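All remarks here apply to the structure that follows.
The values are calculated or read from the model by the stated rules, or taken from the named source; none is laboratory data. For clarity, every value in this text was computed on a predicted model and none was experimentally measured. Please note: Cβ atoms are built from the backbone with ideal geometry, for glycine as well, and neighbour counts cover all protein chains shown. Keep in mind that these areas ignore ligands, DNA and RNA; they rest on the heavy atoms of the full protein, side chains included. Shrake-Rupley method; radii C 1.70, N 1.55, O 1.52, S 1.80 Å.
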Amino acid sequence: MVDFLDKVKQLLLQDLSSFFQWLGKLKSVFAHLAAVGDYYSLLVRWLLPVLAVIIFLWCILPLLRDRKNQTTWGYLYLMNGIRVPIQSWECMLGRGKNSDIMINQPFISRNHAVLTYHNGVWSIADLGSKGGITVNGARVEEQHRLAYGDVISLAGIEMALLPADIVPAEEGQEEQVSDNSGVVNSTGTFTLLLIFIFQLLGALQIIITRSAAVFPMLPVTVFALMLAQGLHYHVLRWLQFENLELVLLSYFLCGLNVFIVASAAPHSLYKQLVAILLGMAVFTIFSLLIRKIGRAMKLKYFLLAGALVLLVLNLTLGEIHFGAKNWINLGFITFQPMELVKVAFVLAGTATLDRLLTTRNMAAFIGFTGACMLTLVLIRDFGSAVVFFGAFVVMAFMQSGDLRSLALVLAGALFGGFAVVAFVPYVTKRFAVWGKVWQYAGTTGYQQTRTMIAAASGGLLGVGGGSGYLVNVAAADTDLVFGVLCEEWGLLIALLAVLVIVFFAVYTVIIIKSSLSSFYAIAACGAATIFLLQTALNVLGSVDILPLTGVTIPFVSNGGTSMLTSWALLAFIYSVK
């Protein structure tokens, strides 16, 4: 037995020795490539922006062309002979322009009633209308179940609920995919190949420039990332996921993330790779879980409980980084709890099917928002507070449609914001240099002035991956990541990265019009708002158009928690079908 173990040990040592010899030879190859590095850099600086534009267009055009016909779940048959199709699981009835089914009569309230489909049953609820609702002549005070053939009267306007031409599927059941679902999406595969080429060329440029600092971490990370992306893409196709162009755009951003980390913090490459892989898994699991609304509602309560625990932990165990107490250190890992709370926050803002547009549902969301905002103020993370509040305003409006209440909330928030700026020294310093950072270029304006210098020096094409100066400035790979992109990879690629985030929001606005349920529409808008606000605060703050707030660009900035949260939020946008 001892001899056998000795032989195994010898074989392992020989294999490890051979592996390290191979790495040594590979390193020498890269060292020789450095001799032609200038020529390679010149070629890649022109080629990468072209590839990035092609990848972007190849992804957005199929999504913009994709216009699925909405399923009709039933009809409202008006007494004048008009048959109005019901194409959503929640339909608002009224004379307001935002009504799903508009009845333009003066005695109908703007938001008169809401018709919902849940667990195979239709029901109707009064939204505090003046004229009221009756079903088969009986007054409806609260939620009332309906059967096909029932006569509904809204302030005297009668209509009958009729079944659709097809039998309504069970809640959350997916429609049959087209006959070509088994055919390989050649466009998507080609785009994935372009992303691989983009990532390989960019990684090789950094290796040539900074071989000693990034070897062997960067080659291992890039090859593992490409393998994971290819496997993830085909698993999603096997699971019959559609509109995978959103995922491909995220792969593109993750590649830029690896480039940023390799330049600014190469020791974090393996950590970031793990975060990306976990993020892909989280996206897949979340997308599957929320396909059925009933399951998503149960998930919401688990996440809310977890979020409340994280809020308490942040207040009690949080560590201060760059002025904000927003980190928890467990020894073997550090993370930002408020990043994870964003996922629960989006779910908390979704309307339950039986309480759409009612104050009961809003009260719980306002309470949870208040808890999040109070925590953020106490830990002095005011950048995240702006993001949370912006998402709250959008989601609350989608739930209630009440502009007057939101105006009061906004007025209160502005008053609180002025109070924070006036009385919190940390925030006062940030606002004191806003718009005049060049006057404080050696002190409080140091980061932003260096960011603008670096961005300008990069021009349209950049100075080349790994050749930038800004990576030596604190928080270059997080708060100032837009400046690093501009300096090393050029303004064209930096703007394309921002345009990808903007497109996520534009796609959300387009696709929610055909959403089956307000759950998906509200969750997607909440996620898209968080993406947009974070990107705007990061980009505009780093160039002194807005105060520097210390928030990340989704998918691009260094940070494991941020990466996980970005993939989870993308699942909400993806699920709007």
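Applying 1/(1 + (r/R0)^6) with R0 = 51 Å to the Cβ-Cβ distance of MET79 and THR187 gives a FRET efficiency near 0.55. Of the accessible area of the stretch 454-526, computed with a 1.4 Å probe over protein heavy atoms only, carbon and sulfur atoms account for 72 percent. Amide H contacts of VAL151 (H built 1.01 Å from N, in plane; Pro and chain starts excluded): ASN136 sit under 5 Å, all sequence-distant by 5 or more or on other chains. Residues in the stretch 432-577 average 28 Å² of solvent-accessible surface per residue, probe 1.4 Å, ligands and nucleic acids excluded. Amide hydrogen proximity for ILE86: with H placed 1.01 Å from N in the peptide plane, the residues at 5 or more positions away or on another chain lying under 5 Å are TRP73, GLY74, TYR75, LEU76.
Peptides 457-464, 71-78 ordered by packing proxy, namely the average of other Cβ atoms within 10 Å per residue, highest first: 457-464, 71-78.
Stretching the chain fully between ASN329 and SER514 yields a gain of 62.3 nm (0.36 nm per residue, less the alpha carbon separation).
Residues of the stretch 193-228 falling in the label zone of VAL50, defined by backbone nitrogen less than 17 Å from a point 7 Å along Cα to beta-carbon, are 194-202. When peptides 293-306, 542-555 are sorted by average Cβ neighbour count within 10 Å, with the highest value leading, the order is 542-555, 293-306. Amide hydrogen proximity for GLY131: with H placed 1.01 Å from N in the peptide plane, the residues at 5 or more positions away or on another chain lying under 5 Å are SER109.
The calculated FRET efficiency for the pair ARG295 and ILE197, based on their C-beta separation and a Förster distance of 41 Å, comes to about 0.60.
With a Förster radius of 56 Å applied to the beta-carbon distance between GLN143 and TYR39, the computed FRET efficiency rounds to 0.20.
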